[in-house]
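Q: Below is one structure. I have some questions about it.
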Amino acid sequence: MKETALVVCPGRGTYNAPELGYLKTNHADRWAMVEQLDALRRSLGQIPISELDGAGKYAPSVHMTGDNASLLIYACALADFAAIDRERYDIVAVTGNSMGWYLALACAGILDFEGGARLVNTMGGMMHQHGVGGQIVWPIVDADWNIDPEKENLIREICKESSSSSDMEVHISIHLGGMVVFAADDKGLKWLSERLPKDDRFPMRLMHHAAFHSPLLDHIPQMARAANPLADFGSGTLSAVDGQGRVWSPRAFDPAAIYDYTLGAQLNRTYDFTRAVQVAAAEFAPDKIIVLGPGTTLGAPTAQALIASQWRGLSGKADFQARQSENPVILSMGIAEQRAQVVR
């Protein structure tokens, strides 16, 4: 009997040095997909995806910029999605973090493979060229992955303090499970770096990231709509849960509405990945949650979102890890032993 699965799509920061060669290693049998994307890149005078993935050495200045990283991650994630064993898993819904929303649209059939590639590549280049500000990450959970009330109160204080300032902008960009991602202008980034308490490697500035999902990008939606046609958006074949926790069911919405969200509020307002995971888990009650590669960084935020809602009685990190060792709830395709439980 098949198990049901919720699929979670990764965001921009998931192809890092350990992922170099991800496509070559895991998807040599799906190289036609990569060649299709290479043709798009070559037609635009951009570095082909196969060349980025097959580089002899990982270069942050090349692999982490939006114009290169976006379609590279798309290639990895969509190939992973195609590799899921459909004889074993019945995929009931998809969601994603930040740029992962574009990937979710393609997985859900709202965009076809080519349409998704054009959207991801266009938006990656646009953010690289016209994005402003940056992002800083800070954790709001304790050692057992439960929300720390004192840290949560501090976030509220920071938002209040920054909103009263006229010479800087600070916004919450993403609710990411056990972390908050801030978007800010240059003054705001400096202020956050000083205002947030040091916690291990946090606060952490995200390299090559603009102030995504904030009013600092209010200039982007009009540009995005001019560059991406409504005609690429359809009615879908799978349910998709967006960054506001809204469910888009197949053939139950106007494509113009999801287009307006994707190239509107999704760009310049807070993206609530935590809520997206919680709604998807509650609404579709999956047996498993499959996190597409590349990378493994989205597994913890997904688990933390489930713990915060006490999904199936999850009480903390220790409880989650115990369940993972017995009968995994989350299967990350970027982890070899978990990947083996997902692919054909």
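The values are calculated or read from the model by the stated rules, or taken from the named source; none is laboratory data. What you are looking at is a predicted structure, and each value in this text was computed from that prediction instead of being measured. Counting neighbours? That spans all protein chains shown, and the Cβs are built from the backbone with ideal geometry, glycine included. Note: accessible area is taken over every heavy atom of the protein model, side chains too, but ligands, DNA and RNA are not part of it. Shrake-Rupley method; radii C 1.70, N 1.55, O 1.52, S 1.80 Å.
Q: Among the numbered criteria (1) open to solvent by less than 10 Å² (accessible area, probe 1.4 Å); (2) touching a Pro at 6+ places or on another chain (Cβ under 9 Å); (3) under 30 Å from Lys2 (Cβ atoms); (4) in contact (Cβ under 8 Å) with a residue 60 or more places away in the chain, which one does Arg41 miss?
A: For Arg41, the exception is condition (3).
Q: Mind listing whichever residues of the stretch 47-57 are more than 14 Å from Cys76 (Cβ to Cβ) and open to solvent by less than 50 Å² (accessible area, probe 1.4 Å)?
A: Looking only at the stretch 47-57, we keep the residues that are more than 14 Å from Cys76 (Cβ to Cβ), and these are 47-48, 51, 55-57.
Pro48, Ala55 - these are the residues of the stretch 47-57 that are more than 14 Å from Cys76 (Cβ to Cβ) and open to solvent by less than 50 Å² (accessible area, probe 1.4 Å).
Q: What are the residues in the stretch 162-185 that are at pLDDT below 95 and open to solvent by 10 Å² or more (accessible area, probe 1.4 Å), if any? Write out each step before concluding.
A: First pass over the stretch 162-185, keeping only residues at pLDDT below 95: 162-167.
Ser163, Ser164, Ser165, Ser166, Asp167 - these are the residues of the stretch 162-185 that are at pLDDT below 95 and open to solvent by 10 Å² or more (accessible area, probe 1.4 Å).
Q: If Gln324 meets every condition in (1) over 19 Å from Ala5 (Cα atoms); (2) part of a helix (DSSP H, G or I) apart from one, which number is that one?
A: Result: Gln324 fails condition (1) only.
Q: With the structure loaded, tell me whether Ala281 is part of a helix (DSSP H, G or I) and either farther than 28 Å from Met168 by Cβ or open to solvent by 10 Å² or more (accessible area, probe 1.4 Å) (or both) or whether it fails that test.
A: Values: part of a helix (DSSP H, G or I): yes; either farther than 28 Å from Met168 by Cβ or open to solvent by 10 Å² or more (accessible area, probe 1.4 Å) (or both): yes.
So Ala281 fits the description; yes.
Q: Using the structure shown, decide if Leu196 is touching a residue at least 60 places away in the same chain (Cβ under 8 Å), farther than 30 Å from Leu37 by Cα, more than 22 Å from the chain's Cα centre (by Cα) and open to solvent by less than 60 Å² (accessible area, probe 1.4 Å). Walk me through it before giving the result.
A: On the way: touching a residue at least 60 places away in the same chain (Cβ under 8 Å): yes; farther than 30 Å from Leu37 by Cα: yes; more than 22 Å from the chain's Cα centre (by Cα): yes; open to solvent by less than 60 Å² (accessible area, probe 1.4 Å): yes.
In short, yes.
Q: Also: Can you tell me which residue is surrounded by the fewest Cβ atoms within 10 Å (Cβ to Cβ) among those in the stretch 17-38 that are over 14 Å from Leu71 (Cα atoms) and polar (S, T, N, Q)?
A: So the residue we want is Thr25.
Q: Filter the stretch 307-321 for residues that are aliphatic (A, V, I, L, M) and either open to solvent by 30 Å² or more (accessible area, probe 1.4 Å) or part of a strand (DSSP E or B) (or both) and give the result.
A: Hits for the stretch 307-321 are Ala308, Ala318.
Q: If I filter the stretch 292-306 for residues that are open to solvent by 40 Å² or more (accessible area, probe 1.4 Å), over 30 Å from Met223 (Cα atoms), in contact (Cβ under 8 Å) with a residue 40 or more places away in the chain and part of a loop (DSSP other than H, G, I, E, B), do I get at least one hit? Can you show your working first?
A: To start, the set of residues in the stretch 292-306 that are open to solvent by 40 Å² or more (accessible area, probe 1.4 Å) comprises 296-297.
If we keep only those that are over 30 Å from Met223 (Cα atoms) as well, we get 296-297.
Those left that are additionally in contact (Cβ under 8 Å) with a residue 40 or more places away in the chain: 297.
Those still in the list that are part of a loop (DSSP other than H, G, I, E, B) too: 297.
So far as the stretch 292-306 goes, yes, one or more of its residues are open to solvent by 40 Å² or more (accessible area, probe 1.4 Å), over 30 Å from Met223 (Cα atoms), in contact (Cβ under 8 Å) with a residue 40 or more places away in the chain and part of a loop (DSSP other than H, G, I, E, B).
Q: Right, here's the next one. Find the residue count for the stretch 32-85, including only residues that are basic (Lys, Arg) and either touching a helix residue (DSSP H, G or I) at 6+ places or on another chain (Cβ under 8 Å) or part of a helix (DSSP H, G or I) (or both).
A: The initial filter retains those residues of the stretch 32-85 that are basic (Lys, Arg), namely 41-42, 57.
Next, from what is left, pick out any that are either touching a helix residue (DSSP H, G or I) at 6+ places or on another chain (Cβ under 8 Å) or part of a helix (DSSP H, G or I) (or both): 41-42.
Residues meeting the conditions: 2.
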